[in-house]
Amino acid sequence: MGTPVSKISVVIAYFLIYVVWGSTYYFIGVALLGLPTFLLGALRFSAAGLLLLTLCLLRKERVLRPSLIRRSAVSGIILLFVDMGAVMLAQRYVSSSLVAIVASSTAIWIMLFDAPMWKANFRNLTTLGGVLLGFVGVGMLYAEQLMTENPVHPHSEYGVLILIGGCISWALGTLYAKYRSSQEEEVNGFAGSAWQMLFASLMFWLCTGLFEEPSQVDFGAVPLSAWLSLAYLITFGSLLAYSAYVWLLKVRPATEVATHAYVNPVVAVILGAGFGGEDVSLIQLAGLAIILISVMLVNKK
């Protein structure tokens, strides 16, 4: 990786994973008002993957390398299918704001599972305290959902549990992409991202056939807002933000890239409360503050 990386490219990539990614929680919620969960994922990642793969072919990237495809399949299923499936399923039980707040704990899981960096990451009590504090924040949110009767989102505690599983999967997929999958790509290559999306889409199509009935979906009745949200998720959420995330993992430390958890929930809460009319409780805000403080602590040098 001797090719120099421009600072402006890094800044743009961080903007995409900080702000654009934070907005996707809201647009997922809007899209789910018209499309079933797994079908939404299938349509999103099929379109994004095919578009990105076409761009890679036009750039004359070597897209058919067996090792690249094999490792992209693993990271795509762990990163995109499991985690994005968890995010979308969770939004059947909880608001997009709460989804983003719980997802902000991903940086804690990355820290815990990044074995090559354990010596550096756990060298002081501040880092260890930050990890414990992060779990306190998540525990507060789960306890609130467990004790609260919510007529809009019944069984909201299920949503939090699904999200925690998704966060763990995203952390493992992130580390796999950094230490294994990215070894097969040039620094500026995006073929791996394209294959990851396509393998994730295959899994979503499989689940669509097993658990949903796409033939029963009245596409003519799907609101325009859902289609526009899907278009936003394809272009901004997948083509731009996800590709930026995978690229950043090649050129920056994984724990640094994970700091998108600082901003994503703030953007999601603002959009959810401002445009979606979602209620954000004091406990949720306190949980968000605790998680963000813990993420800052674990990333403190």
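The values are calculated or read from the model by the stated rules, or taken from the named source; none is laboratory data. Only a predicted model underlies this, so the values are computations on that prediction, with no experimental measurement involved. Methodologically, a virtual Cβ is constructed for each residue, glycine included, from the backbone with ideal geometry; neighbour enumeration extends over all protein chains shown. Heavy atoms of the whole protein, side chains included, go into the accessibility calculation; ligands, DNA and RNA do not. Shrake-Rupley method; radii C 1.70, N 1.55, O 1.52, S 1.80 Å.
Some points to look at:
- The selection criterion, being over 30 Å from V217 (Cα atoms), open to solvent by less than 30 Å² (accessible area, probe 1.4 Å) and outside any helix (DSSP H, G or I), holds for V63.
- Sole residue being outside any helix (DSSP H, G or I), open to solvent by 20 Å² or more (accessible area, probe 1.4 Å) and among the hydrophobic types (A, V, I, L, M, F, W, C), chosen from L33, L55: L33
- Condition broken by L285, with the remaining ones in (1) surrounded by fewer than 21 Cβ atoms within 10 Å (Cβ to Cβ); (2) modelled with pLDDT of 85 or more; (3) not small (G, A, S) satisfied: (2)
- L80 assigned to a helix (DSSP H, G or I), at pLDDT below 85 and at negative phi: no
- Qualifying residues in region 288-301 (those that are assigned to a loop (DSSP other than H, G, I, E, B) and not polar (S, T, N, Q)) - the one most open to solvent (accessible area, probe 1.4 Å): K301
Residues checked against (1) open to solvent by 20 Å² or more (accessible area, probe 1.4 Å); (2) closer than 21 Å to A48 by Cβ; (3) in contact (Cβ under 8 Å) with a residue 60 or more places away in the chain; (4) out of contact with any Lys or Arg (no Cβ under 8 Å at 6 or more places or on another chain):
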| site | (1), (2), (3), (4) |
| --- | --- |
| Y232 | yes, yes, yes, yes |
| R252 | yes, no, yes, yes |
| H260 | no, yes, yes, yes |
| G272 | no, no, yes, yes |
| F275 | yes, no, yes, yes |
| E278 | yes, no, yes, yes |
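- Restricting T208, T259, T255 to residues that are under 18 Å from T24 (Cα atoms) and either of a type in the set (S, T, Y) or at pLDDT below 80 (or both) narrows the list to T259.
- Look at (1) closer than 24 Å to W205 by Cβ; (2) assigned to a helix (DSSP H, G or I); (3) among the hydrophobic types (A, V, I, L, M, F, W, C); (4) open to solvent by 60 Å² or more (accessible area, probe 1.4 Å) and you find that F15 fails only one, number (1).
- Each residue in region 2-59 was checked for being within 14 Å of W227 (Cα to Cα) and of a type in the set (D, E, K, R), and 1 of them qualify.
- Wholly within region 92-192, helices (runs of 4 or more DSSP H) carrying at least 2 residues that are open to solvent by 60 Å² or more (accessible area, probe 1.4 Å) and modelled with pLDDT of 75 or more: 118-121, 125-147, 156-179
- Of all residues in region 68-79, none that is free of Cβ contacts under 8 Å to residues at least 12 places away in the same chain and buried (at least 23 other Cβ atoms within 10 Å of the Cβ) has its Cβ atom under 6 Å from the Cβ atom of a residue that is among the small types (G, A, S) and not in a helix (DSSP H, G or I), 6 or more apart or on another chain.
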